[in-house]
Each structure stands twice: as structure tokens, then as C-alpha cells.
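As C-alpha cells, the structure follows; a few thoughts come after it.
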Amino acid sequence: MKSRRHPNIEIARAVAILIIFGFHFGYYWGLTGGRLGPWNGPQGRLERLVAVYGGTFGVSVFIMISGLVLVAAMSRAPAVGAFYRRRLLRIYPLFWWIALPTMLVLLVLGRLSMDRVWQAPFWLSGTTIVYPGHLWPISAPWWFITLIVQIYLAFPLLWRLYRRIGPAGLLAICLLVNVLCLKLLGPPHAPWGHDTAQYLLLAFVGSRLVELSAGICLGVAYWGWSRGERPSLQLALTLVAGVPAALLVLQRVDYHQISPLRAYVFVAVMALPFVAAACRSWAGSRLLAPLVWLGGISYAFYLAHSVLIMPVIVGLGRLGVHSGRLAFFASLLVALTVSAGFHYSYAVFAPRAKARTARLRVARDGLTAAAD
């Protein structure tokens, strides 16, 4: 499964996925009565911050990185149909490769009841947004598939707007739509209840447009900078002043406070790829090689890690181990091992399946030509 690797971007992904893992671990550790264990202590402020805001921070990072990467992807496949095909083929096959055996194991273990199996097509297709709040996936991180599919569908339109009206105009339109979505979908105006409103604010692309437009502006500046081009004055001002201001506006109208750190997230995301790219030997050093590796398997890790945390915590508890930090690192090791297994097994399977499909297509075309 060959891809264009950019170590600095992989490092940003790795940092985001580790923070998300910390968020999910803190949640499951709290469910076991650990109450975040040592993370409540006076020495645990950073850990406590990750446990409270980590999911928000990590997802915002991934949305912005998506915008950055899609700018380059759109330049490689300017035709909308080719763009959609390439992007959807990057997310669905690996997702199904992980989701199907995960659901089978959960079904056998009794953690997935038969009365929820009918929801599986919605989970696997990323269409849970059609009945939000009632189709929450069996593995919580799978909700992101719903959002990323919408991001892919919306991106060509946003890219066209960017090229026509510039970064400031795109940001202004996205901010307006984003605010309207938060006002209409979130409490106190939402009549559909807390869970549905939360899902809509999390997984509806209209509620994340400012983050996505920030990623687009960042991508234009980043890829241009990597070619030796300086960003325009309008783009530079949009990045430095416009985006943080827009994110602070969203912070005031987001009733659910889904992203209370959006402005600070953007500053961190904006800086990291540029710093890493400016220090290419640093980004490619052996010291950071594990982070580059983790960034490369971050998608598989994101999809697989959540359902593995609780079994590890419970298993350690039965062995008499109640250390939060030990449970954290044990869960991380198990999640890394399983995720790497999924990632590399798919990397072996996918080219073979593609080659077999190509051979079948050639044979079919040959039979058709012979019949004619």
C-alpha cells in the first residue's frame, strides 16, 4: 500500500492519535471506578487535560490535516470523479478490513447484541448521520467515518470557492454556515435530545467547516512553502489572524463545547508541520522514527484502539493490577500491536486483490472481444 510519505505530517498525525488514545483511556478507566487514577493527583495536570479535552483536540487536528492533505490530493486528481474515487478507496477498504472481524469478535463475546446487527450497514457505510443519536457505532471512533466521507464530498466545492474568492472569503462563508449549524442543531433550540444534538455537532460537516477551511488555507501555504513559494498577504493574514478569530467565535456559540480549544488547536497544528519541515533531518531522525511510523498506521490505530482498552483494564484488574499508568501503557501496547497487524495485513492483501481484479477484468475483456 504505497503512499506519499511526509514525515512531518505523520508526526502531527501521531501526536493527535496519541492524545485521542489518552482521551479514550481516561474515559474507560473512569468507567471502571478508577476516576482517572493517578491523573487526579497534583502531578497529573497534563494527563488530566488530555483526559478532558483530548478527543476534541485530536479530532480537530485530524480535520485540519485532512484539509491540508486534500489540497495536494486535489491537485493530483483535479477531476471530481477521480478525486472521490481515490479518497473513498483510501478509507473504506481498510475500515471494512478492521470493522468486520471486530464486529464478529464482539458478537461472539456478547458485546454486540443481535438486536443491533441491523445497524451494521449504517456503520460500515458511514451513513449513521441519517439517524443520529440512535445509530452510534459499536466502536465509538467509527463515527469519524461519517464525518470524513462528508469532508471528501464537500471538499471540491470548498476548493472551488477558495480559488474563486480567496482564503478570507472562504473562511467568512464557512464561519457563517458553521455558526448557523451550531445555532440550529445544538441546544437550547434542538428538539431532538442531547445524544442526537451531540452527534450532529460532532459528525455533521457543516459544524466543522471552519476547521476544514483552516486546513485548506494551511495546505495552500504549506505546499506552496515546500516549493519555495511565499504565501500571499491575504493568505498569511487569514492564517495568522482570521482563523484564530473565527475559532474563538465558534467557541462562544458552541453550546455543547465540542471544541473549546479550537483556536489553540489551530495554532499548534499550524506550527508543527512547518517546524518539522524546516528541520527535515530532525523530522527524519531515528529519535522520531517511532512517531513517523505511528503516523503511518494512525488510521488503523484510530479504528481499532477503542474496543481494546477496556478488556486490557479489566484483565489487569483480575490480575490484581490497579495502576492507571501501567494500564495505560499496556493498553497502548496492545492497541499498537493489533493496529499494526491490521495495517500490514491489509497492505499485503490489497495489492494482491487489486492484481487479481485486474486479471479478471482482462480475461473478461478478452472473452467479450472473442465473442464479438
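The values are calculated or read from the model by the stated rules, or taken from the named source; none is laboratory data. This structure is a prediction, so every number in the text was calculated from the model and none was measured. Ideal geometry is used to build each Cβ from the backbone, glycine not excepted, and the neighbour counts take in all protein chains shown.
Taken over segment 330-360, the residue count meeting the criterion of being of a type in the set (A, V, I, L, M, F, W, C) and crowded, with 18+ Cβ neighbours inside 10 Å is 5. One residue stands out among those in segment 132-141 that are among the aliphatic types (A, V, I, L, M) and buried (at least 17 other Cβ atoms within 10 Å of the Cβ): the one that is nearest to V205 (Cα to Cα), which is L135. Within segment 222-234, the set of residues being of a type outside the set (F, W, Y) and modelled with pLDDT under 90 comprises G224, S226, R227, G228, E229, R230, P231. Restricting segment 329-353 to residues that are small (G, A, S) and in contact (Cβ under 8 Å) with a residue 12 or more places away in the chain leaves a set whose member that is nearest to G26 (Cα to Cα) is S331. The set of residues from segment 119-166 being in a helix (DSSP H, G or I), among the polar types (S, T, N, Q) and touching a residue at least 24 places away in the same chain (Cβ under 8 Å) comprises T128, T146, Q150. Remark: G169 matches the filter, which requires a residue to be farther than 27 Å from L88 by Cβ, part of a helix (DSSP H, G or I) and at pLDDT 90 or above. For L294, state whether it is closer than 28 Å to I138 by Cβ, surrounded by 14 or more Cβ atoms within 10 Å (Cβ to Cβ) and at pLDDT 70 or above. In short, yes. So which residues in segment 113-131 are surrounded by 13 or more Cβ atoms within 10 Å (Cβ to Cβ) and within 25 Å of S298 (Cα to Cα), if there are any at all? A120, F122, W123, L124, S125, G126, T127, T128, I129, listed by residue number. Tell me whether segment 111-124 contains one or more residues that are modelled with pLDDT of 90 or more and under 22 Å from G206 (Cβ atoms). Within segment 111-124 (the criterion being modelled with pLDDT of 90 or more and under 22 Å from G206 (Cβ atoms)), the answer is yes, since at least one residue qualifies. Within segment 89-112, restricting attention to residues that are within 14 Å of V307 (Cβ to Cβ), of a type in the set (V, I, T) and touching a residue at least 60 places away in the same chain (Cβ under 8 Å), which residue is surrounded by the most Cβ atoms within 10 Å (Cβ to Cβ)? Taking the candidates together, the pick is I98. Listed conditions (1) under 23 Å from T238 (Cβ atoms); (2) over 20 Å from the mean Cα position of the chain (by Cα) are all met by F155, apart from (2).
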